[in-house]
Amino acid sequence: MTRPRRPKRDVGQPGPKAGSARPPARTPPSVLHHTTRGLYPRSDLPDDPDRSFHPSPSSQDLSEFEYGLIILVYGFQRWVQSCMAAANVNGLNALDILVLHAVNHRARGRRLADICMVLNIDDTHLVAYALKKLTAGGLVLITPQGRERHYETTDRGERACLGYREVREHFLVPSLTWVSGHEGAVKEAAGFLRTMTALYDQASRFATAATAMQPKTAPVHTKR
């Protein structure tokens with residue numbers, strides 16, 4: 001009885017390596033749409049070209065709030081720089097000043113990661129560069145504690161923050177007291193902004209999870 005012969009393999013075609021896994025198969029678009037059906041109906045998927053979107057009244061109100069928030073952010077940044085310049089501290093941008101105040105008050109003696117968490121900033125490189133500038137300017141002092149570096153304000157940084165508070169108390173607080181209408185209105189507005197921050201973070205997580213299995217388009221080319 002003769003043994004069956006094995007099929008011949010081309011010499012130029014390499015065989016599969018031991019322990020190598022097959023590449024994962026691509027998921028069909030129908031399955032991708034089905035996986036996100038729990039949060040997005042088929043006609044409401046963000047990548048559906050045939051969808052028709054009609055904003056709700058709440059969405060229109062949110063757009064008004066977000067536009068007010070945009071102009072508030074840039075108005076606040078201009079005020080921060082103008083206030084610090086009026087306190088005779090020049091050469092700092094808005095982020096530098098906010099980091100200086102954080103180190104002086106809410107994140108005194110904290111690490112870089114703690115300062116970023118207090119300011120709700122994900123990009124640690126921005127805060128690290130601001131701390132580098134503040135340290136070079138003699139406003140912030142680095143205190144090594146083991147392998148970690150903690151930051152606190154120097155005497156010059158304390159005077160800069162105190163001068164900032166005096167200018168704000170003289171020029172901004174009286175107008176704010178007159179506009180707010182009743183006592184506690186500013187505190188209520190601060191609580192509402194914190195609540196909106198939590199809602200934006202939660203919506204970001206849900207949107208990322210709901211669209212995780214969808215095919216991604218190529219990044220937008222911003223360089224010429």
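The values are calculated or read from the model by the stated rules, or taken from the named source; none is laboratory data. On a predicted model such as this, the values are computed, not experimentally measured, just so you know. Heads up, the Cβs are rebuilt from the backbone with ideal geometry, glycines too, and the neighbour counts pull from every protein chain shown. What goes into the accessible areas is simple: the full protein's heavy atoms, side chains included, and nothing from ligands, DNA or RNA. Shrake-Rupley method; radii C 1.70, N 1.55, O 1.52, S 1.80 Å.
Points worth noting:
- In Å², nearest 10: area of residue 126 left accessible to a 1.4 Å probe: 90 Å²
- Per atom type, region 50-173 shows carbon and sulfur on 53% of its accessible surface, probed at 1.4 Å.
- Projecting the alpha carbon convex hull of region 82-133 along each direction and taking the average yields 3.5 nm².
- With all pairs of different C-alpha atoms in the average, the Kirkwood value for the hydrodynamic radius of region 74-195 is 15.4 Å.
- Among the trypsin sites (Lys or Arg not before Pro) within region 127-162, those in coil by DSSP and having at most 13 neighbouring Cβ atoms inside 10 Å are 147.
- Region 145-224 - convex hull of the alpha-carbon atoms, volume per residue in Å³: 320 Å³
- Distant alpha-carbon pairs in region 114-176 (separation over 20 angstrom), percent: 42 percent
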